[in-house]
Amino acid sequence: MDQKWISVFFLLSAIYGLSAYVPHRYHFVNENKTWIEAQSYCRQTYTDLATINNMDKMKKVTEIVKDKSAKVWIGLEKVTWQWSLQDGTVYREGQSYSNWNTGEPNSNAGEEMCVHIYGVGSWNDEYCSCLLPFVCFEEKGSAYILIKEAKSWHEARNYCRERYTDLVIVRNQTENQQIFDSAKNSVNNSVWIGLFNNFWRWADQSNSSFRYWASTQPDNNGGNQNCTAVLTAEQGRWHDVNGNSQLPFICHENQLILIKQNLTWREALRYCRDHHVDLVSVHSEEIQLWVKEVAQKASTEHVWLGLRHTCTQGFWYWVSGFSICYENWAPGNGTGGDDCSSVERTGAVQSRGGQQWVSLPEDQKLNFICTTYED
């Protein structure tokens, strides 16, 4: 790899708080807010409250807090029950709509972690391995789809995500009745819905097994400590805290954003420049690793990059102005012998497999990746 780009990357890391291979930038906000107010601020101004899934990120977070006795919010929230949908839809006990049957949820010694609807539209927690029909929903048409084939909750969720949007969520009595009515056509009077028990979860819906609790934490002192704060006086160790406490907080901002719209290369370029900064330029191995992580979530086989070929001069270049020092072409691509007979050739990355670059006509319609930072 070109040593110049390694130096550039680590310079950006020092300035912006980037962690290697992770397209996040951290921002410390020195204003006292509740956890919900802090999350709302982060989502409006940046991306979300900070997620932390390794010690490198943990150090970055503590470094940007100048007051070494401060307690600051991060994005870890205890959500006993959570909707499967990964768009920020949150279920909060006592605040969100629910229709639990009398005595439910009873958890049955912590074994019943998934939810089905039954009887007269009531909810019950059940073993996730239980085989039941289920209801998917399609976001585009706001349609409910009853699947009569019996599956475990996790199999049902995978089925719905592969073919529709997700297992159904229920936000009010009208939706509950509509779902219950659709379930009446099932041979089984119980059907899975998308509610499950997940304990601690990041605000941006990402999963992580990394935890950095202080030795006695979480202790749920008072029974309502459902959010997480970093204590800089304890080397950044975490405490569970009542979400109504007023604390400063740390936001994170995604440096790369996958846009799941199918646009031509020129349309994608215009979109990124209008809404963010630019189509992504992959000028180092580190940026390529960021792109691989983001591209895996694409709905198209390839994802546009800010890579373009000039037939007049016969070379490839990044639209951001970077020369191509680092390369990751798939075999047979980027060799210079590109077909210029019809439309200009542009560069995309494979969303699966080796995730290498390929040369494609600019009029194909693909997902694309925008940058939110200036190089």
*Set K59/K260; K292/K365; K260/K292 screened for pairs whose C-alpha atoms are more than 21 Å apart*: K59/K260
*What full-extension length gain, to one decimal in nm, is calculated for S122 and Y373 as 0.36 nm per residue of separation minus the Cα-Cα distance?*
85.6 nm
*Taking R0 as 45 Å, what's the FRET efficiency between E285 and S129 from their Cβ-Cβ distance, rounded to 0.05?*
0.60
*Given the Cα-Cα distance of Q261 and E149 and 0.36 nm per residue of separation, how much length would full extension add, in nm?*
37.1 nm
*So how much slack lies between N220 and E162, counting 0.36 nm per residue of separation and subtracting their Cα-Cα distance, in nm?*
17.1 nm
*Determine ³J(HN,Hα), in whole Hz, for all residues of the range 290-306 in sequence, where each value follows from phi through the Karplus function 6.51 cos²θ - 1.76 cosθ + 1.60 and θ = phi - 60°; x replaces Gly and Pro.*
4, 4, 4, 4, 6, 5, 4, 8, 6, 9, 10, 5, 10, 10, 5, 10, x
_Rg over Rh of the range 244-361, using C-alpha atoms and the Kirkwood radius, what does it come to?_
1.05
*asked:* Rolling a 1.4 Å sphere over the protein heavy atoms, what is the accessible area per residue of the range 217-259, to the nearest Å²?
replied: 37
*asked:* A 26 angstrom limit on the alpha carbon distance is what I want to check against. Which of K33/K297; K57/K297; K71/K297; K33/K60 exceed it?
replied: K33/K297; K71/K297
*So which lysines pass the test for K184, namely a Cα distance under 25 Å, with those fewer than 8 places away in the same chain ruled out?*
K140, K148, K151
*What FRET efficiency, computed as 1/(1 + (r/R0)^6) with R0 = 30 Å and r the Cβ-Cβ distance, is obtained for Q177 and E138, rounded to the nearest 0.05?*
0.95
*What nm distance separates the two modelled labels at W213 and T80, each placed 7 Å from Cα along Cα→Cβ?*
1.7
*R0 = 51 Å: FRET efficiency of R270 with D56, Cβ-based, nearest 0.05?*
0.90
*Roll a 1.4 angstrom probe over the protein heavy atoms and tell me the percent of accessible area of the range 157-279 that is carbon or sulfur.*
40
*Can you pull out the trypsin sites (Lys or Arg not before Pro) in the range 185-293 that DSSP calls coil and that have at most 14 other Cβ atoms within 10 Å?*
R211
_Label-to-label distance, nm, for residues given as S107 and S245 (7 Å Cα→Cβ offset)_ = 2.2
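The values are calculated or read from the model by the stated rules, or taken from the named source; none is laboratory data. Keep in mind the model is a prediction, meaning the values are calculated, not measured. Note: ideal-geometry Cβ built from the backbone for every residue, glycine included; neighbour counts use all protein chains shown. When the accessible area is computed, the model is the full protein with side chains, heavy atoms only, and any ligands, DNA or RNA have been set aside. Shrake-Rupley method; radii C 1.70, N 1.55, O 1.52, S 1.80 Å.
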